[in-house]
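For reference, the structure discussed in these notes is given below.
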Amino acid sequence: MEQFTNYIDGQWVTSDQSTRNVNPSNVDDVIGEFARANAEQTIQAVRAARAAFRMWSFSTPQQRFDLLDQTGSAILERKAELGRLLAREEGKTLPEAIGEVGRAAQIFKFFAGEALRIGGEVISSVRPGMTVEVTREPLGVIGLISPWNFPIAIPAWKIAPALAYGNCMVIKPADLVPASTWELINILCDAGAPPGVVNLVMGRGSVVGDALVNSPDVDAISFTGSVWTGRAIGAKCFETGKKVQLEMGGKNPMVVLDDAELSVAVEACINGAFYSTGQRCTASSRLIVTEGIHDRFVDAMKNRMQALRVGDALSEGTHIGPVVDERQLQQNERYVAIAREEGGQVFGGERLEQASRGFFMAPALVTGTTPTMRINREEVFGPVASVIKVKDYEEALWVANDTEFGLSAGICTASLAHATHFRRHVEAGMVMVNTATAGVDYHVPFGGRKGSSYGPREQGTYAREFYTTVKTAYINPGAV
Ligand code: NAD
């Protein structure tokens with residue numbers, strides 16, 4: 001069995017314990033044994049990052065550009081192989097996985113460019129002869145904590161800006177899917193990342209994650225994951241005075257109005273709700289449909305769902321891969337049962353047997369639901385969407401905003417007036433018109449409002465708000 005170790009201070013370092021990474025399409029396929037770091041190793045990684053910061057924070061934009069650009073190129077060269085690995089460990093389909101790897105590469109290329117564009121401002125002082133300069137400096141050591149559903153894109157969109165702006169980092173990938181992040185760190189190492197600048201500590205959130213969050217030598221934490229973990233981390237960061245960025249869950253609404261083009265609405269909802277097995281924080285989990293189109297929409301969705309093939313993530317023709325593990329599959333089943341008990345009618349949603357032993361589930365559409373049902377208030381994180389019938393646009397908007405989350409929201413309509421009003425009034429960080437709530441560009445800000453996010457946005461030029469700190473300098477040229 002292949003063994004994969006942590007990367008600390010430029011060395012590959014083993015641990016006493018390990019985690020077995022298995023393929024959710026076929027649990028007999030083992031990807032490898034991944035070292036599980038302890039708290040002491042995590043602290044060693046933080047110390048190495050702190051020591052390297054003195055040098056890396058003064059590296060030239062060219063050095064940072066070269067590292068990130070070469071990393072992006074290497075990822076692109078190995079796109080097919082890395083996509084296969086990602087599909088094997090996480091379970092999204094091969095095309096989805098290859099797409100995610102491509103996105104990771106583009107993110108590195110984008111931030112390579114950003115390293116060259118770190119500017120500042122010169123402002124006239126209100127005092128005679130004085131000049132004011134506002135510049136950005138790196139923060140220091142950043143702890144990066146990522147979830148299992150985007151095993152390479154999320155690490156990429158945290159690592160690339162951390163390095164571009166001159167920080168050193170320690171990443172802890174999700175325990176379930178360490179292989180893609182391991183490969184990414186290996187690529188960064190081959191591309192010439194100096195020792196200590198880039199560190200990988202794999203293992204448990206309660207051990208490695210906790211050690212990062214509590215370490216006084218970590219200046220900031222960028223976390224993506226569930227609401228409860230995020231809030232607990234946020235509170236600890238506040239206690240220890242760390243800057244923190246939290247990207248958490250969603251219960252994203254997709255509004256379908258009477259005047260929507262039915263085929264466009266159905267494709268947006270099928271994609272948003274069920275692709276990537278519904279395991280996206282931006283998944284459309286609440287389909288809010290006005291009464292004039294409701295019955296036609298539900299019939300068309302059911303027809304379309306019957307054509308979706310659930311199967312092995314690596315098999316050609318699979319539309320929906322497996323659920324990530326047994327625990328998540330049981331959670332999905334529990335929510336489907338709760339929806340039924342609360343009066344919803346469930347189409348699909350059953351556990352499926354396949355040739356291999358995996359975690360397969362048919363997509364589920366729950367109709368006849370109301371906004372107060374648990375299925376419409378809590379994140380399921382699986383291929384489960386519910387339909388809420390509403391009278392008109394005004395009620396649809398009210399229901400869309402009736403949630404503690406605010407990540408992504410969509411509307412399908414032919415009305416420019418409604419689309420414009422929705423864009424302005426929906427309480428979400430991202431709004432989609434006539435397209436799925438999931439699926440975003442790599443060069444623009446990503447993030448939400450309310451319970452979904454806390455702190456500055458990730459990605460695009462907005463990432464620098466988190467990864468840098470501002471310095472205001474007053475310069476008196478003295479007597480001339
Ligand atoms: P999770 O909260 O269980 O774990 C996320 C990460 O936190 C993992 O690496 C985990 O090991 C670590 N962790 C767990 N306990 C910790 C602790 N006490 N201290 C420090 N770290 C700890 O989430 P998950 O199940 O991996 O991911 C699914 C969740 O992620 C969903 O809620 C989904 O909506 C969310 N998500 C959000 C976004 C976004 O950008 N908003 C993107 C993807 C996923």
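The values are calculated or read from the model by the stated rules, or taken from the named source; none is laboratory data. Since this is a predicted model, take the numbers as computed values, not measurements. Counting neighbours? That spans all protein chains shown, and the Cβs are built from the backbone with ideal geometry, glycine included. For the accessible areas, the whole protein counts, side chains as well, though only heavy atoms, and no ligand, DNA or RNA atoms are used. Shrake-Rupley method; radii C 1.70, N 1.55, O 1.52, S 1.80 Å.
Within the stretch 156-166, is even one residue within 30 Å of A473 (Cβ to Cβ), charged (D, E, K, R) and out of contact with any Phe, Trp or Tyr (no Cβ under 6 Å at 6 or more places or on another chain)? So that I can check it myself, show each step before the final result.
Step one: filter the stretch 156-166 for residues within 30 Å of A473 (Cβ to Cβ), giving 158-166.
Adding the requirement that they be charged (D, E, K, R) leaves 158.
When the remaining residues are screened for being out of contact with any Phe, Trp or Tyr (no Cβ under 6 Å at 6 or more places or on another chain), the result is 158.
Within the stretch 156-166, one or more residues are within 30 Å of A473 (Cβ to Cβ), charged (D, E, K, R) and out of contact with any Phe, Trp or Tyr (no Cβ under 6 Å at 6 or more places or on another chain).
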task = Filter the stretch 138-157 for residues that are more than 10 Å from the ligand (Cβ to nearest atom) and either open to solvent by 10 Å² or more (accessible area, probe 1.4 Å) or among the β-branched types (V, I, T) (or both) and give the result.
result = P138, L139, V141, I142, I152
request  = Might you check whether a residue that is aliphatic (A, V, I, L, M) and more than 15 Å from the ligand (Cβ to nearest atom) occurs anywhere in the stretch 195-213?
outcome  = yes
remark   = Only one of (1) in a helix (DSSP H, G or I); (2) of a type in the set (A, V, I, L, M, F, W, C); (3) away from the ligand (no atom under 14 Å from the Cβ); (4) touching an Asp or Glu at 6+ places or on another chain (Cβ under 9 Å) does not apply to V134, and that is (1)
Enumeration of residues in the stretch 382-406 that are open to solvent by less than 40 Å² (accessible area, probe 1.4 Å), within 16 Å of the ligand (Cβ to nearest atom) and out of contact with any Ser or Thr (no Cβ under 8 Å at 6 or more places or on another chain) = T403
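Looking at the stretch 321-335, is at least one residue part of a loop (DSSP other than H, G, I, E, B) and among the β-branched types (V, I, T)?
Within the stretch 321-335, the first condition is being part of a loop (DSSP other than H, G, I, E, B), and the residues that meet it are 321-325.
Filter once more, keeping what is among the β-branched types (V, I, T): 323-324.
Among the residues of the stretch 321-335, at least one is part of a loop (DSSP other than H, G, I, E, B) and among the β-branched types (V, I, T), which makes the answer yes.
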remark   = Of A160, A115, the only residue that is farther than 22 Å from G234 by Cβ and within 16 Å of the ligand (Cβ to nearest atom) is A160
message = When you check N186 against the structure, is it within 16 Å of the ligand (Cβ to nearest atom) and of a type in the set (S, T, N, Q), yes or no?
response = no
inquiry  = A273 - would you say it is open to solvent by less than 10 Å² (accessible area, probe 1.4 Å), closer than 13 Å to F381 by Cβ and part of a helix (DSSP H, G or I)?
reply    = yes
ask   = Within the stretch 439-480, can you find the residues that are of a type in the set (A, V, I, L, M, F, W, C), open to solvent by 10 Å² or more (accessible area, probe 1.4 Å), touching a residue at least 40 places away in the same chain (Cβ under 8 Å) and touching a helix residue (DSSP H, G or I) at 6+ places or on another chain (Cβ under 6 Å)?
value = none
Within the stretch 1-102, strands (runs of 3 or more DSSP E) holding 1 or more residues that are touching a residue at least 60 places away in the same chain (Cβ under 8 Å) and closer than 25 Å to W148 by Cβ = 6-8, 17-23, 26-36
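V207 - would you say it is out of contact with any Asp or Glu (no Cβ under 8 Å at 6 or more places or on another chain), surrounded by 17 or more Cβ atoms within 10 Å (Cβ to Cβ) and under 17 Å from L139 (Cα atoms)?
Judged against the criteria, V207 is not a match.
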